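The values are calculated or read from the model by the stated rules, or taken from the named source; none is laboratory data. Keep in mind the model is a prediction, meaning the values are calculated, not measured. All Cβ positions, glycine included, derive from the backbone under ideal geometry; neighbour counts span all protein chains shown.
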Amino acid sequence: MNRKFKNNFWKKVKIPKDPNACWEWKGAKTSRGYGKVFNKGKTLSAHRVSYRIMVGRIPKGGYICHKCDNRGCVNPEHLELGDRNKNVKDAVERGLMKSKGRLTETARNYIRENPYGLSQRKLAEVYGVSQAKISKIVREGETNDNRRGNGQHG
Ligand SMILES: [Zn+2]
């Protein structure tokens, strides 16, 4: 997935001021309400693409489900690999708590991607951390881009 594809992808996502809320897909949708996106003649599910960009590789046959029950949502924090039966609300709430102060890997990826071009001050405000921390994450992202999704935290 190249930069151009990613840029076009984020243009079709309505990211709310609070990144913990649902990110609505503004592009085409399937009859079942899932966002769809075209890449090299293939139709891909928007939420799977989002997961792929922000969280990491999806194992072969892997199923990405929505913790928030909103099929048009592509917020990576609301997406989860496998396990359709998990308690939805519980999981979303846990995700919210994690993102206060201590940033999840997904939150870090959001900050690096910064699809809406928010200022570092704004990002710091949204995530409840210092601006220095945001700046550090951005700089780390530039050097450690290929370490993404391997479960490391720092
Ligand atoms: Zn959602």
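Search the stretch 49-62 for residues that are within 17 Å of W10 (Cα to Cα) and pair each with any residue that is small (G, A, S) when their beta-carbon atoms are under 6 Å apart and the residues are at least 6 apart or on different chains.
As it stands, the answer is G56/G149, since those pairs meet every condition given.
Give the residues of the stretch 12-42 that are at negative phi, of a type in the set (K, R) and more than 12 Å from the ligand (Cβ to nearest atom), sorted by residue number.
Scanning the stretch 12-42 gives K12, K17, K26, K29, R32, K36, K42.
So which residues in the stretch 66-99 are modelled with pLDDT under 85, closer than 27 Å to V37 by Cα and part of a helix (DSSP H, G or I)?
Passing the criteria: V88, A91, V92, G95.
When you look at A46, is it modelled with pLDDT of 90 or more, in contact with a Lys or Arg (Cβ under 8 Å, 6 or more places away or on another chain), among the aliphatic types (A, V, I, L, M) and exposed (fewer than 14 other Cβ atoms within 10 Å of the Cβ), yes or no?
no
Can you pull out every residue in the stretch 100-143 that is hydroxyl-bearing (S, T, Y), surrounded by fewer than 17 Cβ atoms within 10 Å (Cβ to Cβ) and modelled with pLDDT under 80?
Looking only at the stretch 100-143, we keep the residues that are hydroxyl-bearing (S, T, Y), and these are 104, 106, 110, 116, 119, 127, 130, 135, 143.
Next, from what is left, pick out any that are surrounded by fewer than 17 Cβ atoms within 10 Å (Cβ to Cβ): 104, 116, 119, 130, 135, 143.
Once the filter is applied, which keeps residues that are hydroxyl-bearing (S, T, Y), surrounded by fewer than 17 Cβ atoms within 10 Å (Cβ to Cβ) and modelled with pLDDT under 80, the stretch 100-143 yields T104, Y116, T143.
Scan the stretch 16-65 residue by residue and report those that are basic (K, R) and either in contact with a Phe, Trp or Tyr (Cβ under 7 Å, 6 or more places away or on another chain) or part of a loop (DSSP other than H, G, I, E, B) (or both). Don't jump to the end; show me each part of the working.
If we filter the stretch 16-65 for residues that are basic (K, R), which is where we start, we get 17, 26, 29, 32, 36, 40, 42, 48, 52, 57, 60.
Answer for the stretch 16-65, where residues must be basic (K, R) and either in contact with a Phe, Trp or Tyr (Cβ under 7 Å, 6 or more places away or on another chain) or part of a loop (DSSP other than H, G, I, E, B) (or both): K17, K26, R32, K40, R57, K60.
What's the number of the condition R71 fails, among (1) over 14 Å from the mean Cα position of the chain (by Cα); (2) surrounded by 15 or more Cβ atoms within 10 Å (Cβ to Cβ); (3) closer than 15 Å to N109 by Cβ?
Result: R71 fails condition (3) only.
Out of everything in the stretch 49-70 that is farther than 19 Å from P19 by Cβ and in contact with a strand residue (DSSP E or B) (Cβ under 8 Å, 6 or more places away or on another chain), what residue ends up being farthest from the ligand (Cβ to nearest atom)?
Filtering the stretch 49-70 for residues that are farther than 19 Å from P19 by Cβ and in contact with a strand residue (DSSP E or B) (Cβ under 8 Å, 6 or more places away or on another chain), the one farthest from the ligand (Cβ to nearest atom) comes out as P59.
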